[in-house]
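The values are calculated or read from the model by the stated rules, or taken from the named source; none is laboratory data. As the structure is a computational prediction, the values presented were derived from the model and not from experiment. Note that each Cβ is placed from the backbone with ideal geometry, even for glycine, and that neighbours are counted across all protein chains shown.
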Amino acid sequence: MDRSRLEAFSDGVFAVAITLLALDLTVAGPGHGHLIDQLDQKWPAFLAYLISFFMIGIVWVNHHMLVRSIIEVDRTLLFLNLVLLLFVVLIPFATATEADYFPHNDTDAQLAMALYAGAFLGMSAGFAGILEWTLHGQRVDRPVPPERRWQARVRFTGGGLVYVAAIALAWFSALASFVLVVLVAVYYILENTPARVTLGSGESGSGESGSGESGSGESGPAGSGPNLPR
């Protein structure tokens, strides 16, 4: 398959997922109290939307940076990419569910938070799988040197480990778990901007690279070539 088809399909899925996030941003309308009060009741939805929007955006940025370095696409990469997209599309559902129960701390709220963090964990694992694929053979135009591969793996899986901690923490405090997820997003947004490094060892001028994750680029949930450690 041509690389451009892989990227075009993925971009379409990212666009749909990031659009679906906004569908939960609704108010009851006239006859249900003042608008300011209705908006105030929806603040958990707006907060969850904001975090998820940037997380998906980070993954998209870094997916683009990673894919453009790939020389050829094979069947294994296609399925690894599908695993990533599986969890990207799940994020709107997880976001809406989390918004419905946030900021309570009963059993349902804890489960909702565990699902929310779990969606990000799956996305992180998907991107880590793509990274691992790029580390073998001559699959990218600037391969990561062997001595730096474990650095890259640690950085890409770091966000995933935090999400595992967030899932465990959710069963004790849903709010604390949510804060942990927010901190991961903020870290990867700030830590990877503005400098970026190509998948190999050369540097390129300036640009964005997200966290995770994006990432994963997201050095965790969404890692990619741009954010490999120097």
Of those in the range 1-52 that are part of a helix (DSSP H, G or I) and among the hydroxyl-bearing types (Ser, Thr, Tyr), the residue surrounded by the most Cβ atoms within 10 Å (Cβ to Cβ) is Ser52
For the range 141-148, indicate whether the set of residues that are more than 20 Å from Trp60 (Cβ to Cβ), at pLDDT below 90, in contact with a Ser or Thr (Cβ under 9 Å, 6 or more places away or on another chain) and part of a helix (DSSP H, G or I) is non-empty. yes
Checking Glu72 against (1) in contact with a helix residue (DSSP H, G or I) (Cβ under 8 Å, 6 or more places away or on another chain); (2) in a helix (DSSP H, G or I); (3) surrounded by fewer than 17 Cβ atoms within 10 Å (Cβ to Cβ), which test does it fail? (2)
Take Leu77 and decide whether it is in contact with a Gly (Cβ under 6 Å, 6 or more places away or on another chain) and either surrounded by 18 or more Cβ atoms within 10 Å (Cβ to Cβ) or part of a loop (DSSP other than H, G, I, E, B) (or both). no
Would you check if Phe178 is modelled with pLDDT of 90 or more and either among the aliphatic types (A, V, I, L, M) or surrounded by fewer than 14 Cβ atoms within 10 Å (Cβ to Cβ) (or both)? no
Residues (acidic (Asp, Glu) and modelled with pLDDT of 85 or more) located in the range 1-36: Glu7, Asp11
